[in-house]
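The values are calculated or read from the model by the stated rules, or taken from the named source; none is laboratory data. Not measured: the values here are computed from a predicted model. Neighbour counts are summed over all protein chains in view; Cβ atoms, including those assigned to glycine, are modelled from backbone coordinates with ideal geometry. These area figures cover heavy atoms from the full protein model, side chains too; ligands, DNA and RNA do not enter into them. Shrake-Rupley method; radii C 1.70, N 1.55, O 1.52, S 1.80 Å.
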Amino acid sequence: MKLKTTSIFPDPNTADHQGLLCAGGELTPEVLIDAYSHGIFPWPQEDMPIFWFSPPERGVLDFKDFHIPRRFQQERKKINFEITKNKDFAQVIDNCARIARKGELGTWILPNMQKAYLELHRRGVAQSYEAWDGEQLVGGLYGVLVNGLFSGESMFFKSSGASKLCLIAMIEDRKSQGDSWVDIQMVTPVLKAFGGRYIPRQEFLSRLRG
């Protein structure tokens, strides 16, 4: 993967101590692709300009560090969900907006965010992985694939273990494409249990440059 040399965004290294780089602009496919190409991601808030972030530490999951927690290895034997890719991106992002942030103050996956990523999906840039129990969607995750790097955005589950199976499927899929890591932005307890960790922004940007 190669980092583009030109961008409409400021230098990611000029972001503040919380990672806020700039605000404003539109969530068009071209702007989003430009952002991800430079290690920047949006975090919209209701009734405010779009915030663009390049945090001082970035969550990554190196496949050499990937492992399935022992407890989930046992749980996995009892789960019989069908795992698919790009079968229903719209339903995945909608569930992420309604479920993944439950218990927090609102969600960053606002209607304009959903619309933008649905367009990215139509262009083959945004991808989803789904877990099905019969005809019912019980878990999923979505992210974007820009310049050969998959950046995970959000995941949800309605049945225990469903989103974890989607995570495993995504990693196996990217490994089959020759990748050695994925961008997970933030290291949640679940992602940490699977091998996720933080690296400095400079190292992350260096990886983007290839």
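Quick notes
- Principal-axis analysis of the Cα atoms of the chain puts helix 111-122 at an angle of about 80° to the longest axis.
- Largest to smallest accessible area among ARG207, ARG98, ARG174 [probe 1.4 Å]: ARG98, ARG207, ARG174
- The separation of the range 140-188 from the range 45-99, counted between C-alpha centres, amounts to 5 Å.
- Heavy-atom SASA rank of TRP43, TRP108 (probe 1.4 Å, accessible area, largest first): TRP43, TRP108
- Within a Gaussian network of the chain (alpha carbon springs, distance under 10 Å), most fluctuating of PHE150, PHE51, PHE41: PHE51
- In the range 43-183, inverting the average of 1/r over every pair of distinct C-alpha atoms gives 15.9 Å as the Kirkwood radius.
- Computed [θ] at 222 nm, deg cm²/dmol, the chain (DSSP H ≥ 4; -39,500 (n - 2.57); rounded to nearest 500): -8500 deg cm²/dmol
- VAL125 - accessible surface, heavy atoms, 1.4 Å probe, Å² rounded to 10: 20 Å²
- Positive-pole candidate from GLY140, SER180, LEU120, dipole of the chain, charges at beta carbon: SER180
- Exceedance of the 19 Å cut-off in Cα-Cα distance is limited, within the set LYS115/LYS158; LYS78/LYS192; LYS164/LYS192, to LYS115/LYS158; LYS78/LYS192.
- Nonpolar atom fraction for the chain, defined as the carbon and sulfur part of the 1.4 Å probe accessible area, stands at 51 percent.
- Peptide ranges 114-122, 65-73 listed from the most packed, as the mean C-beta count within 10 angstrom indicates: 114-122, 65-73
- Gain in span if fully extended, ASP173 to ASN147, counting 0.36 nm per residue against the direct Cα distance: 7.8 nm
- Estimated vicinal HN-Hα couplings, Hz - the range 168-176 in sequence order (Karplus 6.51, -1.76, 1.60; Gly, Pro = x): 4, 5, 4, 5, 4, 5, 5, 4, 5
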